[in-house]
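Let me begin by presenting the structure, written as structure tokens, before commenting on it.
We did not get these values from a lab; they are worked out from the coordinates using the rules stated. Quick caveat: nothing in here was measured; it's all calculated off a predicted structure. Cβ sites come from the backbone with ideal geometry, for glycine too, and all protein chains shown count toward neighbours.
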Amino acid sequence: MLKNIFVLLLAAGMPLAGAAFDEVPLTLKGERTQGALLLGKTDPEASVELNGQSIELTETGYFVVGFARKADLNQQLTVKLDDQQRQENLVLTERDYRIERVDGVPQRTVTPDPEQVKRTRKEAEKVWLARQQQSAREDFLTTLVKPAEGRISGYYGSQRILNGEPRNPHYGEDIAAPTGTPVKAPWAGVVTLAEPDLFYSGGTIIIDHGYRVNTTYLHLSSVDVQVGDVIEQGQMIGKIGATGRATGPHLDWRVNWGNERLDPALLPTLYE
Ligand SMILES: [Zn+2]
């Protein structure tokens with residue numbers, strides 16, 4: 001008897017609130033771990049929230065979310081469509097970053113040069129402003145290409161502890177290669193910063209790829225693009241160098257989702 005009513009309702013196309021067969025669509029790609037970018041897809045008419053913060057969708061229903069180096073391991077993704085709601089508890093795995101303890105380092109007694117302090121503050125503001133520029137580009141939907149050929153010499157998340165004092169973690173992936181080695185755009189995008197000589201990072205480029213995703217390239221010997229340039233995937237944007245505070249020629253490249261710094265090494269898993 002009950003079964004017959006159910007069949008009748010189905011035949012009439014009546015929606016059953018909360019019924020399992022009429023779920024809000026959601027697919028999520030990428031590794032669920034700290035430092036990761038996840039690529040999601042749902043109905044274009046849906047609304048998405050990460051821990052209560054609204055996430056923008058592309059016209060076809062794609063979205064991206066990113067998790068910081070030490071992000072909370074429990075993340076709440078909510079997708080609402082019409083009167084239905086889908087709640088996903090994303091449990092991230094905890095990363096084990098390389099930590100190097102160095103003791104007995106002579107304490108530096110150098111007083112910072114006020115001119116240098118002024119300069120680095122100004123530069124940090126420029127970089128911050130460039131990162132706030134976000135468009136509705138969808139470059140991140142395409143499989144990325146490697147920005148440079150070379151040996152990986154530095155890892156995201158690693159940190160040195162000098163005389164018991166933790167230094168800033170390293171947020172990029174370092175690729176060691178000779179000065180002059182071409183650096184290519186891993187995705188298409190728009191250049192939001194192109195500086196030949198910043199104090200810490202030397203020749204520096206920032207590219208916006210849309211929906212808060214941006215990438216950064218540091219220590220370049222040559223910056224071959226300008227702010228506002230629309231670049232193609234694989235286009236040469238500059239050359240590897242050792243400018244700024246670098247001990248040898250290498251590319252330090254970084255990926256951000258808004259102000260969250262992510263691990264470039266995890267990006268290829270998005271497109272597998
Ligand atoms: Zn580096």
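Would you mind putting 118-128, 165-175, 212-222 in packing order, based on average other-beta-carbon counts within 10 Å, highest first?
212-222, 165-175, 118-128
First check a/c for the stretch 98-194, with a ≥ b ≥ c the square roots of the eigenvalues of its C-alpha gyration tensor; if it is under 1.5, answer rounded, and if not, answer prolate when a/b is larger than b/c or oblate otherwise.
oblate
Excluding ALA188 itself, what net charge comes from residues whose Cβ is under 14 Å from its Cβ, given Lys and Arg +1 and Asp and Glu -1?
-3
Comparing ILE55, ILE161, ILE237, which has the greatest mean-square fluctuation in the GNM of the chain with Cα pairs linked when under 10 Å apart?
Fluctuation is largest for ILE161.
What residue among PRO44, LEU57, THR216 has its Cα farthest toward the positive end of the dipole of the chain, where the charges are +1 on Lys, Arg and -1 on Asp, Glu, each on the Cβ?
THR216
Report the net charge of residues surrounding VAL48, where surrounding means a beta-carbon distance below 12 angstrom and charges are Lys +1, Arg +1, Asp -1, Glu -1.
Net local charge, VAL48 excluded: -2.
Using the basic label-point model (7 angstrom from Cα toward the beta carbon), what is the GLN76 to ASP96 distance in nanometres?
The answer from the label model is 3.2 nm.
With charges only on Cβ, +1 for K and R and -1 for D and E, what is the dipole size of the chain about its Cα centre, in debye, rounded to 20?
So the magnitude is around 800 debye.
On full extension of the chain, what length is gained from LEU28 through TYR271, given 0.36 nm per residue of separation minus the C-alpha to C-alpha distance?
Result for the pair: 86.3 nm of gain on full extension.
Using only Cα atoms and rounding to the nearest 10 degrees, what angle (0 to 90) does helix 2-11 make with the longest principal axis of the chain?
70 degrees
What FRET efficiency comes out for GLN85 versus THR142 if R0 is 22 angstrom and r is the Cβ-Cβ distance? Round to the nearest 0.05.
0.10
Between rounded, prolate and oblate, where does the stretch 116-263 land on the alpha carbon gyration tensor, with a ≥ b ≥ c its root eigenvalues, rounded for a/c under 1.5, else prolate if a/b exceeds b/c?
Rounded is the answer for the stretch 116-263, as its axis ratio a/c remains below 1.5.
What net charge is computed for the residues neighbouring PRO166, neighbours being all others with C-beta under 10 Å from the C-beta of PRO166, Lys and Arg scored +1, Asp and Glu -1?
Charge balance near PRO166 sits at +2.
Please build a GNM for the chain, connecting alpha carbons under 10 Å apart, and tell me which residue among GLY241, GLY104, GLY258 fluctuates the most.
It is GLY104.
Between helix 114-132 and the chain, what is the angle of the helix's C-alpha long axis to the longest principal axis, kept within 0 to 90° and rounded to the nearest 10?
20 degrees
Starting from 0 in steps of 5 Å, tell me what percent of the Cα-Cα pairs of the chain lands in each bin.
Bins of 5 Å from zero give 1, 5, 11, 14, 15, 15, 11, 9, 6, 4, 3, 2, 2, 1, 1, 0, 0, 0 percent of pairs.
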